[in-house]
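Written out below as structure tokens is the structure these notes cover.
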Amino acid sequence: MIKFLLMVNKQGQIRLSKYYEHIDLAKRASLEVDVIKGCLSRKKEECSFVEYKDYKLVYRQYASLFVMVGVSENENELAVYELVHNFVEVLDKYFSRVIMFNLEKVHVILDEMILNGHIVETNKSRILAPLLVLDKMAES
Amino acid sequence: MPAPIRLRELIRTIRTARTQAEEREMIQKESAAIRSSFREEDNTYRCRNVAKLLYMHMLGYPAHFGQLECLKLIASQKFTDKRIGYLGAMLLLDERQDVHLLMTNCIKNDLNHSTQYVQGLALCTLGCMGSSEMCRDLAGEVEKLLKTSNSYLRKKAALCAVHVIRKVPELMEMFLPATKNLLSEKNHGVLHTSVVLLTEMCERSPDMLSHFRKNEKLVPQLVRILKNLIMSGYSPEHDVSGISDPFLQVRILRLLRILGKGDDDSSEAMNDILAQVATNTETSKNVGNAILYETVLTIMDIKSESGLRVLAINILGRFLLNNDKNIRYVALTSLLKTVQTDHNAVQRHRSTIVDCLKDLDVSIKRRAMELSFALVNGNNIRGMMKELLYFLDSCDPEFKADCASGIFLAAEKYAPSKRWHIDTIMRVLTTAGSYVRDDCVPNLIQLITNSVEMHAYTVQRLYKALLDDISQQPFVQVSSWCIGEYGDLLVSGQCEEEDPIQVTEDEVLDVLEGLLASNLSSPVTRGYALTAVMKLSTRLSSVNRIKKVVSIYGSSIDVELQQRAVEYNALFKKYDHMRCALLERMPIMEKAAANGPTETVQTNGEAEPAGLEPKHPPTIIQPANQANDLLDLLGGNDVVPVISTAPAMKPASAGGELLDLLGGLSLSAPTPAPPIPMSQPPFLLDGLSSQPLFNDIATGIPPMTAYNKNGLKIDFTFERSNTNPNIAIITIHAANSTEAEMTNFVFQAAVPKTFQLQLLSPSSSIIPALNQGPVTQVIKVLNPQKQQLRMRIKLTYNHKGSPVQDLAEVNNFPPQSWQ
């Protein structure tokens, strides 16, 4: 199961964080620092999977944004890698330029895709459907 | 009060902050504004404020004052409010706060709401952070929603059910009827989440697992779905790079794995589909590889037929050759898991794996190293070792310790020749010497002692290497020990294996003195060096120089060194006649299999295997100031008491029952064995270690009664050690037939000069009355000359309050015990 998801920019500032397993605030901070340090310091040739404590981290870089997912030991890393890509594609489709000012909308999308650490839906149109409805309601 | 700013502006403002302090200031200001807005109970802007609060929370600032506001938002009727409220609840609340219980009612109402999106929200929140009480209350609702025909809700309900099951495992049965139809859905989202639900149920409860296997015919259903996925053409809905819904495929494969594990029928049903997936999936993109990876894992776990397994390993082999490092990593990980079971198949890919040792990526290198160690066997040891040694040279420090111990283990198991073994170990010590574990020093020393013919070669090579570098402590310790032992061979230049080098005595002593004086040497190393110098006093002729060195260290600040130096000095001055005997060559040490001596003598970290020359007088573990008393025990007795120290055994607790040569300085607790009777010269003993018995085969030597007086009866039973036929193991059984128990029972024994005796500690020092439980003790007797065994025994105990002592001679040993 997916334990947490972080989106970080190149300087290491967190743009989005979602935890699927309860972790204390204090520990959360140190976890984030460790994870970010671990992933940002890796070079191009190194593989995208890192072991950290009892999680496996899968990370992917998109221009200046890093997406990092921490999963439990028994997950298929390659599948999670694909999931990350899927998520970014969905974001891309909705926000025509990925500007992260609408944090709550990103959360909505994320919740449509992943619930409690497991994948719910991977079809882009179905994920975005509620969001589009929401937008229509807000306009009217 | 002006309208609070929107989240967007807040984010923009915060991003403009250049320092942490600026950011903190902005946040505090905004935080204060939000707080006052909450106090005003402003409904219109609450949503906005909470959104901002969540953002601040994500950045790490305190946001607990927003918790109640979240609840108010949830209770509102507007969807946007509810949305933010639930999001806030998920992020800010968890079951530790009492506030969350207030949500239960809201969630309940929302689960029955008319709008599916609201229901969806409620399900999502419940599924993320519902506590066990909430889950119990709302499980019924969730189950109802699991049965609806609305696929949007169904998939969320399934995952919510997963959460409920995790929190309250007893409710699992409740969801069972609902799962019957889940798999007949067309909607992939529902399929996916149902598979997750089923997986969770199967993992949690073996009953469920067997239920699903037999009754539900789950496997055929899953196989059918998987087949449809593969066979169906392009479906735009779930296509990822040409493969339809890889996420679902992977999930199904995982469930199949759980179902097939250990179960023949299910495994058989899956064989075809697995083969199909393995062969038909396109591997050009990562997606295909993800599916293949999952397939391989499944094949390995279930009881698949061998053809399928070979197919799986070949796929892994192909992965290893792939350019993508992710895939190589994944392949190495899986190979590691399978190497135990399918060793031969993995061997075929050995060369690729060894190549991976040179990869740049740390995780790949580590995996490759572990896998290489698993693949080493008698045939490929030489080639593999070359690669591994090269790896050791160039790898990061974090690997060196593991690599070094791995190399030692492998070398021990498969070394083709002693010389190769010693060479390898020396190479490891010189390259990664500071990273090897402490217990390898005694191991190595024992190995060197055992290979008698290699002594000259070994000491010569060690000496040469020592000249280059004295910084690696374990290496230096081993070298100084060897030089101490075999210094004479070094000086006389007798090496056959290599060209002998010319070394003078002075040069050798220079080196050792250098070690003693150097800042790089640890105290333990210095101890080794000093003892080595001392040993050389009998082997080389420059005794005066050695005397000088030893006396210098008599005033050293390091207590350990000082003590040694003082004792060695004493040896020179008062006991010079004993010096030769004491410092003679070490006997070959027996390596007991896996018997870690339980008594550790390691308080100063020293693992020096001080063995004793058998024929000569004893040393006893007593503080050094009683060392002089020691010597009173020598006597010109015809039956010279013999104590041998247990040789340094495989040191799990490193060199446990060691006797330090002159005084057990490091011992705080002398052996649990019988105390030394200072006033009784001939009967020395000792029970140093509490080494467990060899479980040898009793060789049919008849037992005998050695002593029977005053109600105390001592029987001897015999066994022959199967590691050395000259050693007889005698177990004494002491039984007490009187009415009062005998306390402080001490058994001591002495044997003639030609024997060696070792006494282990007794099972207890109290013999219960009326033959209730004999006390046993083990004696090992080495009889290399096969002379007739005689023994003088001394017994001391307290009986009915008064101490009793008795001496006896035992001559009636059965002939088989000493032949």
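Overview of results
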| item | result |
| --- | --- |
| The protein assembly as shown, Rg to Rh (Cα coordinates; Rh as Kirkwood inverse mean 1/r) | 1.11 |
| Length added when fully stretched, B:Arg790-B:Ser149, from 0.36 nm per residue minus Cα-Cα | 221.4 nm |
| Convex hull volume per residue in cubic angstrom - Cα atoms of region A:2-139 | 117 Å³ |
| Integer Hz, Karplus 6.51/-1.76/1.60 couplings in order for region B:434-449, x for Gly and Pro | 7, 9, 6, 6, 5, 6, 7, 5, x, 4, 5, 4, 5, 4, 5, 4 |
| Fewest-first ranking of B:Ser149, B:Ser434, A:Ser30, using other Cβ atoms within 10 Å as the exposure measure | B:Ser149, A:Ser30, B:Ser434 |
| Distant-in-sequence amide H partners of A:Phe4 (H built 1.01 Å from N, under 5 Å) | A:Tyr20, A:Gly70 |
| Where Cα atoms sit under 19 Å apart: lysine pairs in region B:25-150 separated by 8 or more or lying on different chains | 10 |
| Residues whose placed amide H lies under 5 Å from that of B:Ser761, excluding near-sequence neighbours | B:Ser689, B:Gln691 |
| Separation between Cα centres of region B:532-574 and region A:114-139, rounded to whole Å | 83 Å |
| Residues B:Asp245, B:Asp438, B:Asp468, B:Asp301 arranged by fewest to most Cβ contacts within 10 Å | B:Asp468, B:Asp438, B:Asp301, B:Asp245 |
| Positive minus negative residues near A:Ile119 (Lys, Arg vs Asp, Glu; Cβ under 13 Å) | -1 |
| Computed helical MRE - 222 nm, the protein assembly as shown, DSSP H runs ≥ 4 contributing -39500 (n - 2.57), nearest 500 | -16500 deg cm²/dmol |
| Neighbour-count ranking [beta-carbon atoms within 10 angstrom, fewest first] of A:Glu77, B:Glu453 | B:Glu453, A:Glu77 |
| Lysine pairs within region B:312-429, Cα separation less than 22 Å, 8 or more sequence positions apart or different chains | 14 |
| Long-range amide H partners of A:Leu16 with built H, under 5 Å | A:Met7 |
| Candidate aspartates and glutamates - alpha carbon under 14 Å from B:Lys780, same-chain residues fewer than 8 apart omitted | B:Glu590, B:Asp686, B:Asp696, B:Glu719 |
| Cα-projected label distance for A:Tyr52 with B:Glu268, points at 7 Å along beta-carbon direction, nm | 4.8 nm |
| For region B:503-520, Karplus couplings with θ = phi - 60° (6.51, -1.76, 1.60), whole Hz, Gly/Pro x | 10, 8, 4, 4, 4, 4, 5, 4, 4, 5, 5, x, 4, 5, 8, 5, 6, 6 |
| Between region B:229-280 and region B:742-819, the Cα center-to-center distance that results, in Å | 72 Å |
| Estimated vicinal HN-Hα couplings, Hz - region A:57-72 in sequence order (Karplus 6.51, -1.76, 1.60; Gly, Pro = x) | 9, 10, 10, 8, 10, 10, 6, 9, 10, 10, 10, 10, 10, x, 10, 6 |
| Rounded to the nearest 20 debye, dipole of region A:2-139 from Cβ charges on Lys, Arg, Asp, Glu | 460 debye |
| Cα pair distances of region B:1-129 binned at 5 Å [whole percent] | 2, 11, 22, 21, 18, 13, 8, 4, 1, 0 |
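No value in this document is a laboratory result; all are computed from the given coordinates. Computed from a predicted model, the values in this text were never measured in an experiment. With ideal geometry, Cβ positions are generated from the backbone for all residues, glycine too; neighbour counts draw on all protein chains shown.
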